[in-house]
Amino acid sequence: MQVFELQKFGLDGLIGSDRAIPIPGYGEVLVKLKAVSLNYRDLLIIKGLYNPNLPLPIIPLSDGVGEVVKVGENVTKVQTGDRVASIFMQDWLSGHLSKKAAKSALCGEINGVLAEYVIFPEDSIVSVPQHLTDAEAATLPCAGVTAWNALIEGGLKPGDTVLILGTGGVSLFSLQFAQIVGARVIATSSSEEKLVRVKELGAFAGINYQTNPHWEKEVLSLTEGVGVDYIVEVGGAGTLAKSLKAVRFGGNISLIGVLAGTQAQVNPLLAVMKGVSIRGIYVGSKTMFTAMNKAIAHNQIHPIVDRTFPITEIVSALKYLESGSHFGKISLIF
Ligand SMILES: NC(=O)c1ccc[n+]([C@@H]2O[C@H](COP(=O)([O-])OP(=O)(O)OC[C@H]3O[C@@H](n4cnc5c(N)ncnc54)[C@H](OP(=O)(O)O)[C@@H]3O)[C@@H](O)[C@H]2O)c1
């Protein structure tokens, strides 16, 4: 499949179309989108690499923020004029992840948010912190909640050391949440320039994983041979073997991404012998999202938005994401 044939996703004529505005039903709200943000997952979906059974056509993207412009009957939790964001899994409100909730991801089995108007159940949206711009608030639903789930829900403590891999959306949110708690961060990146930027944001040390392919040894030497307490593992199969060496005995690895591939040999015995806790993370619940927003507001955190595009430049924005030159998030404004 061609990467950017968005027509296959039912998008032709969507932007600037004069189709009738939908009417929210019982317990639903109509949201006029103001901004969306891109995740690596969106690229995988559009390239046909995410889910071979994805029902097509489907509207892409999971992360959007907008204004409630109409409420259906019996809506009590939000009102017209509220600024809200989509929750990634529309049915995961609280508690642990269930099969039903996992099937409710936006642009999974249901349409996503790359649209001028979207109808949501009133429970499937959250208010966003007031101090954020629309472009910033649009970055929260996937990358923000994932980092929050990995570290804060994972029990990160003051004084802990966190390793982040690369300087994409999940990694930089992890840096910001680690700082709220008083944990220190070691970052890797393929770019010296990005390592300078991540240290300016407060990382304690940076390692270039391209010029220093044995970055796990560097992590051990930065931690007096002990290893880090937490790893936000966005690399996947290609980095896990090294992460298992870089984590301390009894440490924690949050399995999140596939940036470094999906196939590689990993010896699970190392996790056993080091007593490492490995936790699979699939974004997070509405309760986590709400807790994260409170912390973002109290700490006046601004998500790191690398670049903002007009919504009509969605293809250029996706190509920019694919280039990997971004630092943090990419947003689009309607
Ligand atoms: N499980 C979940 O719920 C969940 C949620 C969100 C994201 N994810 C996954 O997590 C991963 C990260 O997502 P994202 O949206 O944060 O991505 P992103 O913003 O596109 O991040 C891309 C960055 O990752 C770094 N990177 C690429 N290859 C790498 C490698 N081999 N080793 C270390 N770093 C590498 C690069 O940083 P430098 O340029 O600094 O090298 C690149 O710029 C993706 O695989 C995504 O699908 C999973």
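Throughout, read-outs are computed from the coordinates displayed, never taken from laboratory work. Being a predicted model, the structure only gives us computed values, none of them experimental. Cβ atoms come from the backbone with ideal geometry, glycine included; neighbour counts cover every protein chain shown.
With the convex hull of its Cα atoms as the shape, region 137-189 has an orientation-averaged projected area of 3.3 nm².
When Met273, Met89, Met288 are arranged by Cβ crowding within 10 Å, least crowded first, meaning fewest neighbours, the order is Met273, Met288, Met89. Pairs exceeding a 22 Å alpha-carbon distance, out of Lys103/Lys286; Lys194/Lys319; Lys47/Lys319; Lys77/Lys157; Lys157/Lys294; Lys70/Lys329: Lys77/Lys157; Lys70/Lys329.
Only helical runs count toward this figure. For the chain, summing -39,500 (n - 2.57) over DSSP H runs of n ≥ 4 and dividing by all residues gives -7500 deg cm²/dmol at 222 nm.
Throw me the Rg/Rh for the chain, computed over C-alpha atoms with Kirkwood Rh, two decimals.
Values: Rg = 19.8 Å, Rh = 20.3 Å.
We get a ratio of 0.97 for the chain.
Between amide H atoms placed 1.01 Å from N, distances below 5 Å from Phe309 occur with Ser331, Leu332, Ile333, all of them 5 or more places distant or on a separate chain.
Size check on region 145-280: the Cα extents along the three principal axes, sorted descending, read 37, 32, 30 Å. The order of Val283, Val226, going from fewest to most other C-beta atoms within 10 Å of their C-beta, is Val226, Val283.
Ordering Phe289, Phe173, Phe204 from the fewest to the most neighbouring beta carbons within 10 Å gives Phe204, Phe289, Phe173.
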